[in-house]
Amino acid sequence: MKELICITCPRGCHLSVDDNLNVTGNFCPRGAMYAKAELTHPVRMVTSTVAIASISECRLPVKTKEPVPKELIFPVMDEIRKTVVKVPVKIGDVVIKNVCGSGVDVISTKEIKE
Ligand code: SF4
């Protein structure tokens, strides 16, 4: 039996999962989906900031467009750390395409004009 806390919403249900991936303790179906994914193929959104070429004192907030496999979090962070963007940039602009071959883009979460 595994114990997990569902992080899908702020309610934070305490989940129990048996060896057959039967889930209890979830208030809604998303908890069961979360627990099964977490125990078979865990994924996470990655949020961070990247450097801006012309504005050294300011950084652009970014995030992965979709969750990436948990084992790719540090490689993704390494790519983000190496990235420098040029402004202007809009919300949703792709900052890193297909980061680490994950099939997921890193996108801007803020508009910066100059
Ligand atoms: S099981 Fe449902 S209600 Fe409970 S934390 Fe997860 S998403 Fe929220």
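What's the total number of residues in region 1-58 that are part of a strand (DSSP E or B) and under 27 Å from Val95 (Cα atoms)?
Applying the first criterion (part of a strand (DSSP E or B)) to region 1-58 yields 2-5, 14-17, 23-24, 43-44, 47-52.
Keeping just the survivors that are under 27 Å from Val95 (Cα atoms) gives 43-44, 47-52.
Residues flagged as part of a strand (DSSP E or B) and under 27 Å from Val95 (Cα atoms) within region 1-58 amount to 8.
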- What number of residues in region 47-70 are exposed (fewer than 11 other Cβ atoms within 10 Å of the Cβ) and of a type in the set (Asp, Glu)? 1
- How many of the residues in region 16-36 are more than 7 Å from the ligand (Cβ to nearest atom) and surrounded by 13 or more Cβ atoms within 10 Å (Cβ to Cβ)? 9
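No lab work stands behind these numbers, since they all come straight from the coordinates. Keep in mind the model is a prediction, meaning the values are calculated, not measured. Here the Cβ is made from the backbone with ideal geometry for all residues, glycine too, and neighbour counts use every protein chain on show.
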